[in-house]
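Shown next, in structure tokens, is the structure this report addresses.
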Amino acid sequence: MLSMCSQRTRKWISALRVRRYDLSITIQFHKTAFVQVVNKSANECFRSHAKSFAVPMIHSVRLEKSTIPMCFGKQGTIDWMNLYFDDRIEGLKIIAEYLCSLFEKDVSDLFLSSSLSPTGPQEVMKWVNEHQKGFHKIFIQCENISDTVAEYLFENMHHGKIVLFNFKLTPKFKAHFNFDGDVLQLRQVFWFTLENLMSINCSKLIVKGSQLTIRDMNTFLKHWMSNDLKFGDVAIEIDALNLEVLFNEIAVIEQNDDVRRFYKTIDDRTFAVFGGFDIQRNDGMTATIVYNENLIETKAFWMIVWDNLCVVI
């Protein structure tokens with residue numbers, strides 16, 4: 001395969017094999033299908049696309065005991081190679097397996113959708129799960145997948161540390177999963193239940209489109225107060241905000257709006273929290289339930305756990 005690359009690309013790949021600790025390997029199966037190898041510190045990128053057969057190719061390469069038509073080139077800072085397969089997904093697996101073996105690295109990130117195939121996200125995720133223990137990040141957005149495919153993706157999302165799922169599903173959909181990674185963001189989750197919420201333990205949680213009630217959130221707060229959970233930032237869209245119901249049987253300290261506290265997010269952005277309602281966990285850890293007109297209007301529950309965040313003095 002290397003013999004068919006440009007001289008510059010051959011030298012770059014050979015050098016990368018020596019300093020492979022700098023590398024990340026990403027699979028994208030969206031409007032295009034490719035495997036990307038990036039060295040951020042050196043601003044270097046190699047991208048190998050899995051394409052459907054088109055016009056006859058002048059060049060070919062041997063992979064998995066098959067002769068695969070190919071072409072290659074360069075666009076900006078990206079060296080690219082197009083490989084042509086009868087089945088794009090199988091082609092993507094062959095490319096990923098070759099590059100992971102070459103650099104002795106696992107796939108780090110997955111960016112998937114149902115644009116090319118309604119079962120594509122499941123097939124790619126299943127292949128990755130069979131070849132490695134876990135991955136760093138997975139973003140999946142699907143408009144036309146079945147509930148069965150979605151169930152598989154939710155049941156296996158615990159293999160990722162940072163997960164974003166945005167699916168359009170049927171009214172009958174239900175999910176059963178556990179997640180204890182770093183970041184979980186779920187959108188269009190009309191089906192999301194209190195049981196689902198109780199099965200999550202992560203640093204940052206964002207849930208959009210849920211039908212959780214304020215009583216559910218009261219139960220969640222009591223659950224947090226009596227368990228050693230790693231939540232730092234929790235934002236959940238619910239049916240309505242009602243402080244009396246939310247804090248039922250919970251000791252609360254109300255902070256005036258002139259009390260300002262700051263924290264940094266994972267991506268190093270600083271946020272300010274004005275006032276709010278403080279509650280304490282059984283071990284003394286403090287959380288603030290933020291309450292303002294914007295949150296009332298958007299029906300959003302927002303909880304900050306200061307001990308689990310980078311607090312800015």
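Inspect all residues belonging to segment 266-283 and state whether any of them is among the hydrophobic types (A, V, I, L, M, F, W, C), without any contact (Cβ under 8 Å) to a residue 24 or more places away in the chain, in a strand (DSSP E or B) and under 26 Å from residue 182 (Cβ atoms). Walk me through it before giving the result.
Applying the first criterion (among the hydrophobic types (A, V, I, L, M, F, W, C)) to segment 266-283 yields 266, 271-274, 277, 279.
Subsequent filtering for residues that are without any contact (Cβ under 8 Å) to a residue 24 or more places away in the chain retains 271-272, 274.
If we keep only those that are in a strand (DSSP E or B) as well, we get 271-272, 274.
Checking which are under 26 Å from residue 182 (Cβ atoms) leaves us with 271-272.
Checked segment 266-283: at least one residue is among the hydrophobic types (A, V, I, L, M, F, W, C), without any contact (Cβ under 8 Å) to a residue 24 or more places away in the chain, in a strand (DSSP E or B) and under 26 Å from residue 182 (Cβ atoms).
Being aliphatic (A, V, I, L, M) and either touching a His at 6+ places or on another chain (Cβ under 9 Å) or assigned by TED's automatic domain parsing to the domain that holds residue 136 (or both) narrows it down to one residue among 198, 225; which is it? Steps first, please.
On the way: 225 fails: either touching a His at 6+ places or on another chain (Cβ under 9 Å) or assigned by TED's automatic domain parsing to the domain that holds residue 136 (or both).
After applying the criteria, what remains is 198.
Of the residues 306, 302, only one is in the same structural domain as residue 230 (by TED's automatic domain parsing) and in contact with a Leu (Cβ under 7 Å, 6 or more places away or on another chain); which? Give the steps one after another, and end with the answer.
On the way: 306 fails: in contact with a Leu (Cβ under 7 Å, 6 or more places away or on another chain).
Unique residue meeting the criteria: 302.
Table: residues versus (1) within 28 Å of residue 114 (Cα to Cα); (2) at pLDDT 70 or above; (3) outside the structural domain of residue 142 (by TED's automatic domain parsing); (4) hydroxyl-bearing (Ser, Thr, Tyr).
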position: 9; (1), (2), (3), (4): no, no, yes, yes
position: 28; (1), (2), (3), (4): yes, yes, yes, no
position: 38; (1), (2), (3), (4): yes, yes, yes, no
position: 41; (1), (2), (3), (4): no, yes, yes, yes
position: 45; (1), (2), (3), (4): yes, yes, yes, no
position: 50; (1), (2), (3), (4): yes, yes, yes, no
position: 59; (1), (2), (3), (4): no, yes, yes, no
position: 79; (1), (2), (3), (4): yes, yes, yes, no
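How many residues, within segment 133-154, are farther than 16 Å from residue 120 by Cα and either in contact with a helix residue (DSSP H, G or I) (Cβ under 7 Å, 6 or more places away or on another chain) or surrounded by fewer than 18 Cβ atoms within 10 Å (Cβ to Cβ) (or both)? Walk me through it before giving the result.
Within segment 133-154, the subset farther than 16 Å from residue 120 by Cα is 133-137.
Subset that is either in contact with a helix residue (DSSP H, G or I) (Cβ under 7 Å, 6 or more places away or on another chain) or surrounded by fewer than 18 Cβ atoms within 10 Å (Cβ to Cβ) (or both): 133-136.
Residues in segment 133-154 being farther than 16 Å from residue 120 by Cα and either in contact with a helix residue (DSSP H, G or I) (Cβ under 7 Å, 6 or more places away or on another chain) or surrounded by fewer than 18 Cβ atoms within 10 Å (Cβ to Cβ) (or both): 4 in total.
Which ones in segment 153-173 are basic (Lys, Arg) and either at pLDDT below 95 or not assigned by TED's automatic domain parsing to the domain that holds residue 137 (or both)? First the steps, then the outcome.
Filtering segment 153-173 for residues basic (Lys, Arg) gives 161, 168, 172.
The answer is 168, 172.
Hey, residue 307 hits all of (1) on the phi > 0 side of the Ramachandran plot; (2) modelled with pLDDT of 85 or more but one; which does it fall short on?
(1)
Do we have any residue at all in segment 304-313 that's out of contact with any Phe, Trp or Tyr (no Cβ under 9 Å at 6 or more places or on another chain), surrounded by fewer than 16 Cβ atoms within 10 Å (Cβ to Cβ) and part of a strand (DSSP E or B)?
Keep residues of segment 304-313 that are out of contact with any Phe, Trp or Tyr (no Cβ under 9 Å at 6 or more places or on another chain), which gives 307.
The next check asks that each one be surrounded by fewer than 16 Cβ atoms within 10 Å (Cβ to Cβ); those that pass are 307.
So of that shortlist, the ones also part of a strand (DSSP E or B) come out as none.
No; the residues of segment 304-313 include none that is out of contact with any Phe, Trp or Tyr (no Cβ under 9 Å at 6 or more places or on another chain), surrounded by fewer than 16 Cβ atoms within 10 Å (Cβ to Cβ) and part of a strand (DSSP E or B).
Could you figure out which of (1) touching a residue at least 24 places away in the same chain (Cβ under 8 Å); (2) under 20 Å from the mean Cα position of the chain (by Cα) isn't true of residue 36?
(1)
Here's the yes/no breakdown for (1) modelled with pLDDT of 90 or more; (2) touching a Cys at 6+ places or on another chain (Cβ under 9 Å); (3) under 20 Å from residue 198 (Cα atoms):
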residue	(1), (2), (3)
231	yes, yes, yes
251	yes, no, no
258	yes, no, no
289	yes, no, yes
292	no, no, no
296	no, no, no
303	yes, no, yes
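Please indicate, with yes or no, whether at least one residue in segment 210-219 is assigned to a strand (DSSP E or B), crowded, with 19+ Cβ neighbours inside 10 Å and either out of contact with any strand residue (DSSP E or B) (no Cβ under 6 Å at 6 or more places or on another chain) or without any contact (Cβ under 8 Å) to a residue 60 or more places away in the chain (or both). Quick ask: steps written out before the conclusion?
Here is the first cut: in segment 210-219, the ones assigned to a strand (DSSP E or B) are none.
Taking every residue of segment 210-219 in turn, none turns out to be assigned to a strand (DSSP E or B), crowded, with 19+ Cβ neighbours inside 10 Å and either out of contact with any strand residue (DSSP E or B) (no Cβ under 6 Å at 6 or more places or on another chain) or without any contact (Cβ under 8 Å) to a residue 60 or more places away in the chain (or both).
I'd like the full set of residues that are part of a loop (DSSP other than H, G, I, E, B) and free of Cβ contacts under 8 Å to residues at least 40 places away in the same chain, limited to segment 181-196. Even if it seems obvious, please write down each step before you answer.
In the first step, residues of segment 181-196 are kept if they are part of a loop (DSSP other than H, G, I, E, B); the result is 181-182, 188-193.
Of everything in segment 181-196, those that are part of a loop (DSSP other than H, G, I, E, B) and free of Cβ contacts under 8 Å to residues at least 40 places away in the same chain turn out to be 181, 188, 189, 190, 191, 192, 193.
I'm trying to understand the selection: among the residues of segment 222-265, which are touching a strand residue (DSSP E or B) at 6+ places or on another chain (Cβ under 9 Å), part of a loop (DSSP other than H, G, I, E, B) and closer than 22 Å to residue 208 by Cβ? Steps first, please.
Kept after step one, since they are touching a strand residue (DSSP E or B) at 6+ places or on another chain (Cβ under 9 Å), are these residues of segment 222-265: 224-225, 229-238, 241, 243, 246-247, 250-265.
Remaining after also requiring part of a loop (DSSP other than H, G, I, E, B): 229-232, 238, 241, 247, 250-252, 265.
Selection gives 229, 230, 231, 232, 238, 241, 265.
Just give me the residues in segment 74-103 being in contact (Cβ under 8 Å) with a residue 60 or more places away in the chain and in a strand (DSSP E or B), in sequence order.
Residues satisfying the conditions are 74, 79, 81.
For residues that are part of a loop (DSSP other than H, G, I, E, B) and either of a type in the set (S, T, N, Q) or free of Cβ contacts under 8 Å to residues at least 12 places away in the same chain (or both), tally how many sit in segment 122-178. Give the steps one after another, and end with the answer.
Filtering segment 122-178 for residues part of a loop (DSSP other than H, G, I, E, B) gives 132-134, 143-146, 156, 168-178.
Remaining after also requiring either of a type in the set (S, T, N, Q) or free of Cβ contacts under 8 Å to residues at least 12 places away in the same chain (or both): 132, 144, 146, 156, 170, 178.
Counting residues in segment 122-178 that are part of a loop (DSSP other than H, G, I, E, B) and either of a type in the set (S, T, N, Q) or free of Cβ contacts under 8 Å to residues at least 12 places away in the same chain (or both) gives 6.
Any residue that is under 14 Å from residue 136 (Cα atoms) and touching a helix residue (DSSP H, G or I) at 6+ places or on another chain (Cβ under 6 Å) - is there at least one of those in segment 181-198? Don't jump to the end; show me each part of the working.
Keep residues of segment 181-198 that are under 14 Å from residue 136 (Cα atoms), which gives 181-184.
Restricting the remaining residues to those that are touching a helix residue (DSSP H, G or I) at 6+ places or on another chain (Cβ under 6 Å) gives none.
Checked against the condition, which is being under 14 Å from residue 136 (Cα atoms) and touching a helix residue (DSSP H, G or I) at 6+ places or on another chain (Cβ under 6 Å), segment 181-198 yields no hits at all.
The values are calculated or read from the model by the stated rules, or taken from the named source; none is laboratory data. Note that this is a predicted model, so its numbers are computed, not measured. Cβ: placed from backbone, ideal geometry, glycine included. Neighbour counts: every protein chain shown.
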